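Single-structure report; data block below.
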């Protein structure tokens, strides 16, 4: 790691299950998380847990995927839902085939560039979100 090479010794790194972080007995100085809150059944619970870990001078960087960046994904999700596709392995394969065949009409070429499109389990998360997986508006009203 860069901090080892530079002989920086006052940084500790942790990686953990977000829902288990509420058990920590100490505050943290920095929280950095990519686009993960939307995968929780209750994204607000994850948000509250992260907020509870912040100390008075802490910083938090959360990188949720924006509505603009996801517009082609949302359009494909609606198209698939309207046609009765499910998140079964068979329907995911069929959905990928049909999205490829209708790429120009659906403007789904952006989706085809995503590695998630080509893995069944990742494609399920991408195109067939479970309830609670749309979390794009974070509230700062309870920030410390």
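The values are calculated or read from the model by the stated rules, or taken from the named source; none is laboratory data. Please read all numbers here as calculations on a predicted model, not as lab measurements. Counting neighbours? That spans all protein chains shown, and the Cβs are built from the backbone with ideal geometry, glycine included.
Observations on the structure shown:
- Screening residue 94 with (1) at pLDDT 95 or above; (2) touching a helix residue (DSSP H, G or I) at 6+ places or on another chain (Cβ under 9 Å) gives one miss only, at (2).
- Of all residues in region 97-112, those satisfying the criterion of being exposed (fewer than 14 other Cβ atoms within 10 Å of the Cβ) and modelled with pLDDT under 85 are 104, 105, 107, 109.
Yes or no, residue by residue, for (1) assigned by TED's automatic domain parsing to the domain that holds residue 26; (2) modelled with pLDDT under 85; (3) within 29 Å of residue 111 (Cβ to Cβ):
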{"position": "39", "(1), (2), (3)": "yes, yes, yes"}
{"position": "44", "(1), (2), (3)": "yes, yes, yes"}
{"position": "52", "(1), (2), (3)": "yes, no, no"}
{"position": "57", "(1), (2), (3)": "yes, no, no"}
{"position": "71", "(1), (2), (3)": "no, yes, yes"}
{"position": "75", "(1), (2), (3)": "no, no, yes"}
